[in-house]
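Here is the structure we will look at, set down as structure tokens.
The values are calculated or read from the model by the stated rules, or taken from the named source; none is laboratory data. These numbers come from a predicted model, not from an experiment. No Cβ is skipped: glycine too gets one built from the backbone with ideal geometry, and neighbour counts run over all protein chains shown. Side chains included, ligands, DNA and RNA excluded: accessible areas come from the protein's heavy atoms. Shrake-Rupley method; radii C 1.70, N 1.55, O 1.52, S 1.80 Å.
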Amino acid sequence: MTQHDGSTLRLRKLHTEYDLHDRISAMTYMQQRHAAGEIVTGLLYVDPNSRDLHEHLKTSARPLNALQEDSLIPDSAVLAKINAGLR
């Protein structure tokens, strides 16, 4: 595709043998394309063992706007532990 400034945008799919579960190959592919002056976008790697972000962060299942004030404000012991972890 020719862009408004005269530059060319080339879109192509990954080859059929590309393994989405090989992290090293994905990083190698990005470096090779970068060396060729190309920018790679799209889904290049899938970690089959990844965890859900909410599980990882241990967030509440309820929306924050549905929580009462006492659920949102930690007691002094919990707050001291949080603050100590930030020092």
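Our estimate of slack between ILE73 and THR28, defined as 0.36 nm per intervening residue step minus the Cα-Cα distance, is 11.6 nm. In this calculation the C-beta distance from ASP5 to LEU53 is compared with R0 = 41 Å, giving a FRET efficiency of 0.60.
With the contact rule set at Cα under 8 Å and sequence spacing of 6 or more, what percent relative contact order holds for the chain?
Numbers: 25 pairs, mean separation 14.3, N = 87.
Once normalised by length, the contact order is 16 percent.
Phi angles of the stretch 70-87 translate, via the Karplus equation with coefficients 6.51, -1.76, 1.60 and θ = phi - 60°, into HN-Hα couplings of 5, 7, 8, 9, x, 6, 5, 5, 5, 5, 5, 5, 4, 4, 5, x, 8, 8 Hz per residue; Gly and Pro are given as x.
Given a 1.4 angstrom probe, what's the average accessible area per residue across the stretch 11-65, in square angstrom?
Values: 5140 Å² over 55 residues.
Accessible surface, normalised per residue, equals 93 Å².
Checking [x] 79; [y] 254; [z] 165 against volume of the Cα convex hull per residue in Å³ calculated from these atoms, the matching label is [y].
Using helices alone, I'd like the mean residue ellipticity at 222 nm for the chain: each DSSP H run of four-plus residues gives -39500 (n - 2.57), total over residue count, nearest 500.
Values: 4 runs with 32 residues, N = 87.
One gets -10000 deg cm²/dmol as the mean residue ellipticity at 222 nm.
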